[in-house]
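Take a look at the structure below.
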Amino acid sequence: MIPRYSRPEMVAIWQPENKYRIWFEIEAHACDAQAELGVIPESAAKAIWEKGNFDVERIDEIERVTKHDVIAYLTNLAEYVGPDARFAHQGMTSSDVLDTCLAVQLTQATDILLKDIDHLLAVLKKRAYETKDMVCMGRSHGIHAEPVTFGLKLATAYAEFSRNRHRLQAARAEIATCAISGAVGTFANIDPYVQTYVAKKLGLEPEPISTQVIPRDRHAMFFATLAIIASSIERIAIEIRHLQRTEVLEAEEYFSPGQKGSSAMPHKRNPVLSENITGLARMVRSYAMPAMENIALWHERDISHSSVERMIAPDATITLDFALARLTNIIDKLVVYPENMTRNLNQLSGLVFSQRVMLELTQAGMSREDAYKAVQTHAMQVWTAGADFLSLLQNDSHITRYMAADKIAKLFQLEYHTKHVDTIFRQVFGEV
């Protein structure tokens, strides 16, 4: 991923230094287990821990000759350890190192993403309570529907990202497995105890059955989860972009001093951050498909998945980390305009109360079909001629036969639509 959309902590996980450090730990822990089993001398396992090291440039130099990254690493390891290095990698195959390392890296990345979501949840909760009673227009199909509160919009996002956190925790467990089972996964040349031992040392679970690779349905589940989280990010970003439109302007990204919106038009204040994470979400989703295609490998293994994962694992996690942090900043600094919310609520001269009028007419004895027709007839006059909805209803003798004019007026109350906001907040946050 390009530096523009990268944060250092996540990038460090995918650097060669971290990868080779994990490789070393896998090999060294495996040697300890082999020494316990009497397969290799204890002195050799000790020497590997004490002398073992690596040089990234040297490994690259060796790989240019060997055309094999794990062999290049082991050759470099031997240059540090000496003769005892012959006991490293006993009974193991390259995928034991590569797949177990990838599991460690993905769990490291997931732990950062979980922290990112925690930060976002905290900000969403804070802003939700700040705007809990701030009434605004609810829209369906992009059209005015009935009143909601801005706090409910943010509470909805909070609930969604709470679910995403659970999904990510499950995806972490799905991916956190260790395979040290040797060629084609039969343990023919290495005792299963080695896998159990290494898994425990690395904070992983032993893979119950591998071929020569960890089954790729695990990875597909992981990247699909990242894609869902990215889609949730985009949902909020699109909401902000719509609300910032000049004709709406109920909320707006913070525009900092000295910031410029357009090279041509000095007046512009654009939702560029929300647009940016909309694009980043598309990228994260795009990585889910090749992860699913990686499930179908030939027989006990091939390496068609390898090149894919070398790209999508860093890019997906780095991109999502950046997008979550950016969304958190957007929500934290989001500017809201309650006066514009009120203006928009009044834009259709009371049409937002049409359902309540219809329901009250049915309670008063009018059939639902007749009530719907009577209310809709006047509503269409508001749409087409800009008439006042309440006046039209109060001057309709067919309607006032069932409901007095003053009672109709009492139906036009915003409080009716917000009376259960506290209940919803208790359901989402467990408190008010």
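The values are calculated or read from the model by the stated rules, or taken from the named source; none is laboratory data. Quick caveat, the model's predicted, so the values are computed rather than measured. Counting neighbours? That spans all protein chains shown, and the Cβs are built from the backbone with ideal geometry, glycine included. Please note that ligands, DNA and RNA were not included when accessible areas were found on the heavy atoms of the full protein model with its side chains. Shrake-Rupley method; radii C 1.70, N 1.55, O 1.52, S 1.80 Å.
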Item checked: Value of Rg/Rh across the range 188-328 [Cα atoms, Kirkwood radius] -> 1.18
Next item on the list: With Rg/Rh (Cα atoms, Kirkwood Rh) in mind, check [x] 1.05; [y] 1.10; [z] 1.17 and report the label derived from this structure.
Entry: [z]
Notebook entry, point to check: Say R0 is 35 Å: what FRET efficiency, to the nearest 0.05, do M311 and R58 get from their beta-carbon distance?
Noted result: 0.90
Check: What does a probe at I2 reach in the range 213-234, counting residues whose amide N is under 13 Å from the point 7 Å along Cα→Cβ?
Finding: none
Checklist line | Per-pair calculated FRET efficiency, R0 = 51 Å: H299 and Q376 via Cβ, rounded to 0.05 | finding: 0.20
Checklist line | Percent carbon-and-sulfur accessible area, the range 161-234, ignoring ligands, DNA and RNA, probe 1.4 Å | finding: 56 percent
Notebook entry, point to check: Farthest toward the dipole's positive end in the chain, which of T107, L359, S262, given Cβ charges of +1 (Lys, Arg) and -1 (Asp, Glu) about the Cα centre?
Noted result: L359
Item checked: Candidate residues H299, H267, H119, H305: accessible-area rank, largest first, probe 1.4 Å -> H299, H267, H119, H305
Check: Which of K46/K201; K333/K419; K132/K407; K46/K200; K153/K333; K67/K200 have a Cα-Cα distance over 21 Å?
Finding: K333/K419; K132/K407; K67/K200
Check: If you put +1 on each Lys and Arg Cβ and -1 on each Asp and Glu Cβ, how big is the dipole of the chain around its Cα centre, in Debye rounded to 20?
Finding: 1620 debye
Next item on the list: May I ask for the angle, rounded to the nearest 10°, between helix 354-363 and the longest principal axis of the chain, with both axes built from Cα atoms and the value confined to 0 to 90°?
Entry: 70 degrees
Margin query: Just want the answer: with Cβ charges of +1 for Lys and Arg and -1 for Asp and Glu, which residue in A227, V375, L345 is farthest toward the dipole's positive end in the chain?
Written below: V375
Notebook entry, point to check: Listed highest first by mean packing, meaning other Cβ atoms within 10 Å per residue, what order do 105-117, 400-412 come in?
Noted result: 105-117, 400-412
Item checked: Low-density loop cleavage sites - chymotrypsin sites (Phe, Trp or Tyr not before Pro) in the range 222-269, where at most 13 other Cβ are within 10 Å (DSSP) -> Y254
Note to self: Taking the 0 to 90 degree range and rounding to the nearest ten, how far is the long axis of helix 304-333 tilted relative to the main principal axis of the chain, both from C-alpha atoms?
What the structure shows: 40 degrees
Notebook entry, point to check: What accessible area per residue comes out for the chain, rounded to a whole number of Å², with a 1.4 Å probe?
Noted result: 48 Å²
Check: On full extension of the chain, what length is gained from E431 through N329, given 0.36 nm per residue of separation minus the C-alpha to C-alpha distance?
Finding: 34.3 nm
Note to self: What whole-number distance in Å separates the alpha-carbon centres of the range 97-131 and the range 6-61?
What the structure shows: 27 Å
Margin query: For L334, what accessible surface area do you get with a 1.4 Å probe? Give it in Å², rounded to 10.
Written below: 10 Å²
Item checked: Solvent exposure, largest accessible area first (probe 1.4 Å, DNA, RNA and ligands not counted), of W14, W49, W383, W298 -> W298, W383, W49, W14
Note to self: If you roll a 1.4 angstrom probe over the protein chains with everything in place, what fraction of the accessible area of the range 295-363 belongs to carbon and sulfur, to the nearest %?
What the structure shows: 53 percent
Next item on the list: Give me the accessible area of M134, 1.4 Å probe, in Å² rounded to the nearest 10.
Entry: 40 Å²
Notebook entry, point to check: Taking amide H positions as placed 1.01 Å from N in the peptide plane, with prolines and chain starts having none, which residues 5 or more places from E205, or on another chain, fall under 5 Å of its amide H?
Noted result: T177, C178
Item checked: Value of relative contact order over the chain, rounded to a whole percent, pairs C-alpha under 8 Å and six or more apart -> 17 percent
Notebook entry, point to check: Cα axis of helix 94-130 to longest principal axis of the chain: angle in degrees, 0 to 90, nearest 10?
Noted result: 30 degrees
Note to self: Pairs of alpha-carbon atoms within less than 8 angstrom and 6+ residues apart define the contacts here; what relative contact order does the range 261-366 have, in percent?
What the structure shows: 26 percent
